[in-house]
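Take a look at the structure below.
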Amino acid sequence: MSKKIKIIICSLFFTILLLLAGNHQGHTQSMGVSFSFFFPRNGSFSVPISPFSIRGVGIDLNRYVAIETGFSLYRFSGLSITNVPFETRDPIMGPTITFLVPLELVLQVGNASQQFRIKGGLFFFYNFSNQFLYGNLDRALRDIEDWEVLNSDFDYDNNIGWGYQLGAEYIVYVSKQFGITMGATYFIGGTNLNMRGVYQGGVNGSAFETVQAAYPDSKIDLTGWEISFGALFGN
């Protein structure tokens, strides 16, 4: 994604947030605090950094349609990467702290005691404290080179990532001002990595080789299921 498109998307996103924050008359949507657990594809199970998962901030456009946002802060032990010439089911990046913000269109039906919601839209995220899991990375490179010994040293770019999401949520209202929520959302997204570096190695008994490697299309993959349990508070 070009810088211009990134700027446009981020500008639209924060404009919507400001409109939601300033629209006091239409701000009838409740706010929720949740424990959200993420199961990334070819990555390591992530637990939330409690209590940093706030969802359901937004407005009801009418009885059946709403716009919501929020944020979650995760600690991933490992995430996979894509668009590289080697294949592995092991995570390559981690541990990392991930700040994730959804922007959702919500279709909702229910009554005073319960509600069912279908959610879909975009999400944006940014990773902090990235690092390579060199044990898994070296093993994957060693397999494609058919070497016995390999050591690597790589660098990367850290960018804002984005993707699509679709999920559902069920709410049981204990009172008019308090409800219990359960939900599941599937995320499909990534962020440009521009992985480049060098690795060297070979077969024991032979001269070692040095290879300059560059994978400009590489991405950190943030695809997987998020399972959430939480509470909803009315205005």
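Bear in mind that the values in this text are calculations on the coordinates, not laboratory data. Everything quoted here is computed from the prediction, not taken from an experiment. Cβ sites come from the backbone with ideal geometry, for glycine too, and all protein chains shown count toward neighbours.
Brief remarks follow.
- Projecting label points 7 angstrom from Cα along Cα→Cβ for N194 and A168 puts them 4.2 nm apart.
- The H on the amide N of S218, modeled in the peptide plane, is under 5 Å from the matching H of L193, N194, M195, each at least 5 residues off or on a different chain.
- For segment 52-78 and segment 98-117, distance of Cα centres in Å: 8 Å
- Normalised convex hull volume, segment 77-192, alpha-carbon set, Å³ per residue: 121 Å³
- Around R196: net Lys/Arg minus Asp/Glu count, Cβ-Cβ under 11 Å: -3
- Environment charge at V106 (Cβ cut-off 15 Å; Lys +1, Arg +1, Asp -1, Glu -1): 0
- Extension gain, I227-I118: 0.36 nm per intervening residue step, less the Cα-Cα distance, totals 37.8 nm.
- Counting Lys and Arg as +1 and Asp and Glu as -1 over every other residue whose Cβ lies under 11 Å from the Cβ of V149, the net charge comes to -3.
- In this simple spin-label approximation, L61 and F45 carry label points 7 Å from Cα along the Cα→Cβ vector, and these lie 3.7 nm apart.
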